[in-house]
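*Asks:* My structure is below; once you've seen it, I'll send some questions.
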Amino acid sequence: MNGRERFLASFDGKSVDRPPVWLMRQAGRYLSGYRAVRAQHGFWDVCHDPELSTKVALEPLARFPLDAAIVFSDILVIPQALGLDVTFGTGEGPKVGKPLRTRADLDGWNTSGLIERLKFLPNAVKHLAGALKGSHAMLGFAGAPFTLFAYSVEGGSSDDFMHARVMLHKEPKLAEAALATLADAAAELLAAQLDAGADAVQLFDTWGGLLSQDEYRRFALPALRRITNALRGRRVLLFVRSGHHLLPLLGDSGASGFSLDWRTPFAEARARYPNHVLQGNIDPVLLFAGDDVVRTRTRALLDEMKTSSNGYSRCVANLGHGILPGTPESSVESLCRTVVDAR
Ligand code: 1CP
């Protein structure tokens, strides 16, 4: 069984002898090959060049026994395509020029021909698919509407995303309209990646955990449902960072599965969602604690994932958030090996 077959079997509810494994942000800054590419090329140049983005996406697969590849891109391609000025400075988070603060700002977003400006992403998926030839599952992705809204309103990263969260309450109609626009863009972009050969897609709601249950229900869920309704029947994973308190609501998102962060107990999520795919949820910080810690934690996760004496189903081994810069490659190897040698 190759990586793609294993990923699809587990995702679709068949029993497999060990879970598939991939790692969020597996193609990033902890790899020397990526840093060498970035020393020569700007971030957007890598995203827009199918040869370079494929090279970067393949690097972790050559280095570690992973079952899936994720296309190289960023969640902020959507605000950028809508006309916001997105830049990545060295060593800091992204900056978003012309942030959304008024109705006139939203009216200025350029939604016509949006998918044409994002063509590079399905093109990157197609190119990566050609290189993989079905050996590994391939994931596309997009930012979840609330997380895209948070960056677009705030103008960059933030600890509390004050402006964005104030807007939900002060100008709820404007917030809802912006969330709907971002959701429609994400739905179109995810459909284009699936049509280009992605086996599944993941929505990253990195900042969704800032919201209360009431806020998530009112603002984030309707936008997520716009996406899952548009993608009905296709494989969609939803990752909500710091979202333990939101777990009871996630079933209403319409996603086929949830990517859990390390603060959500796997067994609790499984008890609540017996028929959803569950992915996660090793704390990326543990990869700095040495190989023994990584192996012990991975084995414990495998025990939680095992559904019966005859195997694993609807589960994907992963981290609880993206792999951190500076992560020792030996820890990544230990994690993957422990999963591969399970059974
Ligand atoms: O080369 C560089 O210095 C840029 C660093 C970088 C990289 C490698 C950024 C800037 N984005 C990416 C690629 C990226 N982003 C991928 C590609 C696949 C991979 O790395 O394996 C993916 C899946 C993302 C998703 C992403 N971007 C998220 C969601 C996941 C998460 O980590 O929470 C978020 C929040 C972003 C925004 C973003 N882009 C870049 C940075 C440094 C950030 C985070 C900023 C912040 O902390 O607010």
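*Asks:* Would you say residue 278 is under 29 Å from residue 189 (Cα atoms) and not acidic (Asp, Glu)?
*Replies:* Spelling it out, residue 278 is indeed under 29 Å from residue 189 (Cα atoms) and not acidic (Asp, Glu).
*Asks:* Can you tell which of 38, 29 is within 26 Å of residue 262 (Cβ to Cβ), of a type outside the set (Ser, Thr, Tyr), within 11 Å of the ligand (Cβ to nearest atom) and at pLDDT below 95?
*Replies:* When all the criteria are applied, what remains is 29.
*Asks:* Identify all residues within the stretch 203-259 that are farther than 16 Å from residue 142 by Cβ, open to solvent by less than 40 Å² (accessible area, probe 1.4 Å) and of a type in the set (A, V, I, L, M); write none if there are none.
*Replies:* 211, 221, 246, 247, 249, 250, listed by residue number.
*Asks:* Which is without any contact (Cβ under 8 Å) to a residue 12 or more places away in the chain, within 16 Å of the ligand (Cβ to nearest atom) and open to solvent by 20 Å² or more (accessible area, probe 1.4 Å), of 97, 91?
*Replies:* Checking each option against the conditions leaves just 91.
*Asks:* Here is a follow-up. Out of the stretch 38-65, which residues are closer than 18 Å to residue 322 by Cβ and open to solvent by 10 Å² or more (accessible area, probe 1.4 Å)?
*Replies:* Hits for the stretch 38-65 are 38, 43, 59, 61, 63.
*Asks:* Could you pull out the residue among 293, 316 that is more than 26 Å from residue 149 (Cα to Cα), under 19 Å from the mean Cα position of the chain (by Cα) and not hydroxyl-bearing (Ser, Thr, Tyr)?
*Replies:* 316
*Asks:* Is it true that residue 68 is touching a residue at least 24 places away in the same chain (Cβ under 8 Å), near the ligand (Cβ under 10 Å from one of its atoms) and open to solvent by less than 10 Å² (accessible area, probe 1.4 Å)?
*Replies:* In short, no.
*Asks:* Hey, could you check the stretch 109-126 for residues that are buried (at least 21 other Cβ atoms within 10 Å of the Cβ) and farther than 28 Å from residue 163 by Cβ and say which is nearest to the ligand (Cβ to nearest atom)?
*Replies:* 124
*Asks:* Related question: Only one of 105, 49 is of a type in the set (D, E, K, R) and assigned by TED's automatic domain parsing to the domain that holds residue 202. Can you tell me which?
*Replies:* 105
The values are calculated or read from the model by the stated rules, or taken from the named source; none is laboratory data. Remember, it's a predicted structure, so these values are computed and weren't measured experimentally. Cβ sites come from the backbone with ideal geometry, for glycine too, and all protein chains shown count toward neighbours. Heavy atoms of the whole protein, side chains included, go into the accessibility calculation; ligands, DNA and RNA do not. Shrake-Rupley method; radii C 1.70, N 1.55, O 1.52, S 1.80 Å.
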